[in-house]
1. Distance in nm between label sites at Gln155 and Ala88, each 7 Å beyond Cα in the beta-carbon direction?
2. Tell me, in nm to one decimal, what length is gained between Ser163 and Ala27 on full extension, where the rule is 0.36 nm per residue of separation less the Cα-Cα distance?
3. Would you calculate, for the chain, the mean residue ellipticity at 222 nm contributed by helices, counting each DSSP H stretch of 4 or more residues as -39,500 (n - 2.57) and dividing by all residues, to the nearest 500?
4. I need the calculated FRET efficiency for the pair Ala71 and Thr190, taking r as the beta carbon distance and R₀ as 41 Å, to the nearest 0.05.
5. Can you tally the net charge around Ser78? Count Lys and Arg as +1, Asp and Glu as -1, for every other residue whose Cβ sits under 13 Å from the Cβ of Ser78.
6. Expressed as a whole number of Å, what is the distance separating the alpha-carbon centroids of segment 278-294 and segment 206-250?
7. Counting only C-alpha contacts under 8 Å and six or more residues apart, can you give the relative contact order of the chain as a whole percent?
8. If each residue of separation counts as 0.36 nm, what is the full-extension length gain between Glu105 and Arg234 once their alpha-carbon separation is subtracted?
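Derivation of every value follows stated rules applied to the coordinates shown; laboratory data play no part. Keep in mind it's a predicted model, so treat the numbers as computed, not measured. Note that each Cβ is placed from the backbone with ideal geometry, even for glycine, and that neighbours are counted across all protein chains shown.
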Amino acid sequence: MVQRILERGEIESLDHNAIPRLRLPAADSVFKARAARLRRLAANEIKGTPVSPEFSGYLSLMAALVDAQQAIFVTLTSDDAPLPDQAAIALAREHAMPPLLISAERPAIWRNILTRLLTQLQTTHPSPYITAISTELLGLEPAVLESLADAVLTQRTEFLTPSQAPFIAAALQVLWTWQASKLNLPDVPTLEIGTLCPVCGSHPVASVIRIGGQSQGYRYLQCSLCASEWHMVRVKCSHCEQNGKIAYQSLAPDDDATSTTIITEKPENKANDPQKVARAETCDDCYTYRKIFNQEHDYDVEPLADDLASLMLDVLVTEAGYARASGHPLLWFGESI
Ligand SMILES: [Zn+2]
Ligand SMILES: [Zn+2]
């Protein structure tokens, strides 16, 4: 029998009591599940996440955009999007740095992905809006597009046009999600900071309590860029990592899309009311929030899609004095909002 030293991730996988610290994106389902969920949310089928008729149209457009992401994702190869070599992986691990760091040089293929996304949308979801965005973005010089990509990756909204940014973000998501899906778990170190993606260093979009297997009942933060999910204990701020002043805000029950009421729950309640699919986890140490979804209550919950659709909760929690800890890749606001 050949003996060898087990990598950390392999040791974890041998310990059936260990919490899986990281869930890399599943290549066959991440965009498919997201598009399907966006469609159901757009159709107002998800109880607890009411969607207004005006916002429903935007969610349908985003569902078509995610379909286009999926169509391109399956065509990518390692020639398009080379993975870091073993030396780079080892260096990143030694320094506890994300192996697909957002600030590293990125393959130019993402601009080709952007072109293909917009071209597909003009066929599958044609509108004067899409034609206008396509004309604007596809007319830009590569250097300008690269600077817009930098602004999206670092969430510097002052350099971005809100109508353009979701499409740039979507192209970058395809590239990073593809690369992340090809990594091996032991290649990804645990970062000192728990609030950034260990795969790429981006902020999470939202968090989700997962069910099934070893992840049962544990809370994961989903990366806004590469869709990796990393473990963070429950009842802890995903922005400042304090745990003393956490509460949960949700829409009052049976409200429609014009709801103006939120309900506050303390952590003792475990945020466990099955009627509540969407909650904001607020922190009175840093006065920010991120949303948390519970797969125990809705199996098909998808953090990025559900976070986008529950915009009403953002409005009310923001009015209550909390700032969103980080933006949403498919919905950007200008400086004035
Ligand atoms: Zn990531
Ligand atoms: Zn906090």
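1. About 2.5 nm, to one decimal.
2. Details: separation 136, 0.36 × 136 = 48.96 nm, distance 2.79 nm.
Difference between extended and current length: 46.2 nm.
3. That calculation yields -11500 deg cm²/dmol at 222 nm.
4. On the way: r = 34 Å, r/R0 = 0.83.
After rounding to 0.05, the efficiency reads 0.75.
5. Details: positive: Lys182; negative: Asp79, Asp80, Asp85.
Net of charged neighbours comes to -2.
6. Segment 206-250 and segment 278-294 have Cα centres spaced 10 Å from each other.
7. On the way: 566 pairs, mean separation 72.2, N = 337.
It comes to 21 percent, rounded to a whole number.
8. Contour length minus the Cα-Cα distance gives 43.0 nm.
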